[in-house]
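K.L.:
Sharing a structure here in structure tokens format.
Derivation of every value follows stated rules applied to the coordinates shown; laboratory data play no part. Note that the structure is a prediction, hence the values are computed from the model and not measured. Note that we place each Cβ from the backbone using ideal geometry, even for glycine, and neighbour counts take in every protein chain shown.
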């Protein structure tokens, strides 16, 4: 296939490039550079949807077509790719559409999962709740014994090849009516990526906490769903792409505390230039995120006060 031929042509320029299965390829993200602390991490993926291939990074959130990825890596090779595509006689193939169809989904479709509050005492999955001090929020989580197998019951062939399935914590995303439109699966062990977010309606943004949002109050916008649980009136926007124009004058944007992460710095500077309210963590804070602050002994009111006093 033309697409895969050209993907392999640029593979030597993609750090830690490897084939995961017939239609899934993994490497370190060339856009954000991936993790700066762990060079073994690779969170960029080329995957197949219908007849076309797309790129997605689970670190910076970058999503694009394979053609645009080739153009970014090797503009000269991209020109050759275009010529080959035209030879197929299909101009549409040059710019495939993200035409995912919405999936009807509500709480009854969580069938097959176990509510965390219903797990028996001593269940190994409960270690996650105790480890992250989430006892007060246990009703927000579900346990899935075989993640990929379960996802395939909702979206057939989402994971076309399952060599070794594994359990994950399931975090449902609800819209303002209380209907689930997405969910996030968090790994317990070393499985990569650590977080996998599945959207069941591509017309909706990956925003966690909408069912609790009070638009008459200050809104705290963070990166991760778990962090949002420790703040009053907070939502989480996946992929660190936090900007929400409709909340410009009501929201405070809170990125993870990664002062050496160029991707995060660039996003903060972009929001500042657009005159958004942004939290700048003081240098005395060493913890990476809000949950880590909780684990180090801070209370939710103390963290909220810290954010308010460092919002600019």
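K.L.:
Tell me, what is the percent relative contact order of the chain, built from C-alpha pairs under 8 Å that lie six or more residues apart?
P.N.:
10 percent
K.L.:
While we're on this one: Compute the Cα gyration tensor for the range 110-199, then decide on rounded, prolate or oblate, letting a ≥ b ≥ c be the square roots of its eigenvalues: rounded whenever a/c is under 1.5, prolate when a/b is larger than b/c in the other cases, and oblate in all that remain.
P.N.:
It comes out oblate by the Cα gyration axes.
K.L.:
So, in nm, how far is label residue 82 from label residue 68 when the simple model puts each one 7 Å beyond its Cα toward the Cβ?
P.N.:
1.6 nm
K.L.:
At R0 = 51 Å, how high is the FRET efficiency between residue 272 and residue 121 if r is their beta carbon distance? Nearest 0.05 is fine.
P.N.:
0.60
K.L.:
Arranged from highest to lowest average of other beta-carbon atoms within 10 Å per residue, in what order do the peptides 144-151, 243-250 appear? Intermediate results must be reported in sequence, preceding the final value.
P.N.:
Working: 144-151: 18.1, 243-250: 12.9.
Put in order of decreasing packing, that is 144-151, 243-250.
K.L.:
For all pairs of alpha-carbon atoms in the range 199-240, what percent lies in each bin of width 10 Å, listed from the first bin to the last filled one?
P.N.:
Histogramming the range 199-240 at 10 Å steps yields 31, 53, 16 percent.
K.L.:
Order these by the 10 Å Cβ neighbour count, fewest first: 58, 137, 8, 130.
P.N.:
Going from least to most buried by this count: 130, 8, 137, 58.
K.L.:
From Cα coordinates alone, what are the radius of gyration and Dmax values for the range 2-94 in angstrom?
P.N.:
Considering the range 2-94 through its Cα atoms, Rg and Dmax are 13.1, 45 Å.
K.L.:
Could you pull out which residues in the range 136-179 have an amide N less than 18 Å from a spot 7 Å beyond the Cα of residue 23, following the Cα-Cβ vector?
P.N.:
Backbone N within reach: 148-164.
K.L.:
Shape verdict for the range 210-309, please, from the Cα gyration tensor: rounded (a/c under 1.5), prolate (a/b greater than b/c) or oblate.
P.N.:
Because a/c hits 1.5 or more and a/b fails to exceed b/c, the range 210-309 counts as oblate.
K.L.:
Quick check: residue separation of residue 246 and residue 154 times 0.36 nm, minus the Cα distance between them. What number comes out in nm?
P.N.:
30.0 nm
K.L.:
Also, I was wondering about something else. Using label points projected 7 Å from each Cα along Cα→Cβ, tell me how many nm separate residue 36 and residue 205, to one decimal.
P.N.:
Rounded to a tenth, the inter-label distance reads 2.6 nm.
K.L.:
Label-point separation (nm) for residue 302 and residue 260, each offset 7 Å from Cα along Cα-to-Cβ?
P.N.:
2.6 nm
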